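The block underneath contains the structure these notes are about, expressed in structure tokens.
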Amino acid sequence: MAEIIVPELGESITEGTITKWFVKEGDSVNQGDVLLELETDKVNIEISADSNGVVSSIAKKDGEVVQVGEAIGAIGASSGAAPAAPAPAAAAEQPAAAAAPAAVAAPPAAAPAQVIGSSAASVNASPAARKLAREQGIDLTQVQGKDSIGRIFPDDVRTHGVQTSAPAPAAPKAPAPAAAAPAAPAATGGKPVERKRMSRRRATIATRLVEAQRTAAMLTTFNEVDMTAILDLRKRRKQSFFDKNEVNLGFMSFFTKAVVGALKQFPLLNAEIDGEDIVVKKFYDIGIAVSAKEGLVVPVVRDADRLGFADIERSIVDLAKKARANTLALSDLQGGSFTITNGGVFGSLLSTPILNTPQVGILGMHKIQIRPVAIDETRMENRPMMYIALSYDHRIVDGSEAVRFLVAVKEMLEDPEQLLLQG
């Protein structure tokens with residue numbers, strides 16, 4: 001018999017949630033057949049059978065949290081499948097009186113264990129908090145998180161452990177049911193609501209965004225770009241570019257090239273903080289934020305400084321397709337040095353993007369809108385204008401540096417042929 005084991009899921013990922021089993025007990029499977037889908041903080045992963053046989057047991061159900069290395073089922077040999085089937089039937093035919101003593105012998109321990117296990121699985125807690133709670137024997141359902149979205153972190157678990165270890169705080173446990181007593185209908189005046197659990201990825205996005213705002217000294221500076229030259233260039237070159245490269249000439253390649261050029265001038269925006277050290281990256285792996293069904297993901301265009309416009313456009317198209325088909329690999333998401341996000345595709349006129357930690361800079365693109373612009377002291381013209389926003393970590397990036405970075409991006413975008421000549 002071969003156990004179905006949760007495999008290594010990638011750097012920093014210690015657990016996942018079973019999204020769906022594609023087989024049930026008693027099903028025959030071949031090596032390589034997909035058994036289930038597992039949702040992690042970053043991507044969904046399919047787990048396949050390592051051998052031929054029959055699914056003899058499934059230990060974890062859809063929606064349950066599982067750990068890396070945990071056995072969640074088993075596959076028995078095909079030859080043993082037939083005799084194994086009657087066993088449950090034989091047990092079912094046992095007199096009720098025979099089953100009753102077993103139920104009576106262990107009800108106090110068995111029943112609560114199942115309730116606590118299922119409740120703890122539904123708690124919105126970080127992987128590190130879950131691990132610490134398991135090590136200290138703490139029930140996560142009793143831990144109160146200080147986070148604005150109710151997420152439980154290791155500090156919350158430690159605080160709870162200290163409180164419950166002292167003799168005096170044992171009494172405050174009593175008010176806990178009272179605190180949980182007010183149900184959602186009471187807060188909504190009895191009006192209908194729909195409550196659904198956040199997906200693991202959505203919960204992770206929420207946690208990381210709150211963490212970014214809590215740990216970074218984040219500021220945003222703004223500028224605007226006259227997109228006339230880029231629109232004109234695309235209009236003139238779009239068809240010939242497609243005929244030659246079989247990919248459309250979009251806006252993202254211009255912005256990616258401009259960002260790389262500005263990062264070379266202002267390298268601290270291509271860095272991160274590690275304790276008391278500043279790690280300046282000598283590579284340009286640019287994250288491109290993509291809106292997918294399960295939430296925002298940021299796949300990475302590797303070595304963007306070495307790529308031409310066509311290569312950047314192909315990379316972005318391929319990564320966006322993978323993101324929307326939910327087929328991104330972990331390697332597609334790790335190691336970015338700076339991020340670009342384009343809220344303009346949804347009609348956003350202006351926004352303040354949140355840092356994709358541990359990066360210290362993110363550039364926000366927005367909707368191109370025709371606005372009157374002063375050409376000189378006497379002339380006004382309607383021009384296609386775009387607001388751009390740079391959010392940055394003020395701990396290592398000074399305001400003057402951030403402003404000059406954004407001005408450099410603006411100047412390169414307003415002279416796109418120079419970008420093309422620079423490659």
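What follows is calculated from the coordinates using simple rules that are stated; it is not laboratory data. If you're wondering where the values come from, they're calculated on a predicted model, not measured in any experiment. Please note: Cβ atoms are built from the backbone with ideal geometry, for glycine as well, and neighbour counts cover all protein chains shown.
Some observations on this one:
- Taking GluC sites (Glu not before Pro) across segment 319-412, the ones in a DSSP loop with at most 15 further Cβ atoms lying within 10 angstrom of their Cβ are Glu377.
- As a proxy for reagent exposure, Met380, Met386, Met218, Met198 were ordered by neighbouring Cβ count within 10 angstrom, fewest first; the result is Met380, Met198, Met218, Met386.
- Dipole magnitude of segment 218-422 about its Cα centre (Cβ charges: Lys, Arg +1; Asp, Glu -1), debye to nearest 20: 740
- Peptide ranges 325-336, 235-246 listed from the most packed, as the mean C-beta count within 10 angstrom indicates: 325-336, 235-246
- Proximal aspartates and glutamates relative to Lys61, as straight alpha-carbon distance under 18 Å, when same-chain residues fewer than 8 apart are discounted: Glu3, Glu15, Glu25, Asp27, Glu37, Glu39, Glu46, Glu70
- For Phe22, Phe338, Phe309, order by how many other beta-carbon atoms lie within 10 Å, fewest first: Phe22, Phe309, Phe338
- Long pairs among Lys264/Lys410; Lys322/Lys410; Lys20/Lys191; Lys282/Lys321; Lys235/Lys367; Lys281/Lys322, criterion Cα-Cα beyond 24 Å: Lys322/Lys410; Lys20/Lys191; Lys282/Lys321; Lys281/Lys322
- Sparse packing (at most 14 other Cβ atoms within 10 Å of the Cβ) combined with a DSSP loop state is found for the following trypsin sites (Lys or Arg not before Pro) in segment 297-397: Arg379, Arg395.
- Segment 218-422: mean projected area of Cα convex hull, nm²: 12.3
- Excluding same-chain neighbours fewer than eight residues apart, the aspartates and glutamates reachable from Lys257 by a Cα-Cα span under 16 Å are Asp285, Asp303, Asp305, Asp311, Glu313, Glu411, Glu414, Asp415, Glu417.
- Phi-based couplings in Hz for segment 222-235 (Karplus 6.51, -1.76, 1.60; Gly and Pro marked x): 10, 7, 9, 10, 7, 8, 4, 5, 5, 5, 5, 5, 5, 5
- Within-12-Å neighbourhood charge of Gly69 [Cβ basis; K, R +1; D, E -1]: -4
- Here the residues Met252, Met1, ranked from fewest to most Cβ neighbours within 10 Å of their Cβ, fall in the order Met1, Met252.
- Amide H contacts under 5 Å for Ala271, placed H, 5+ residues apart: Lys281, Val360
- Orientation-averaged projection of segment 304-423 equals 9.7 nm² [convex hull of Cα atoms, one quarter of hull surface area].
- For segment 219-297, averaging the sequence separation of C-alpha pairs within contact (under 8 Å, six or more residues apart) and dividing by the residue count gives a relative contact order of 13 percent.
- Simple spin-label estimate for Asp311 and Glu135 in nanometres, 7 Å along Cα-Cβ: 4.4
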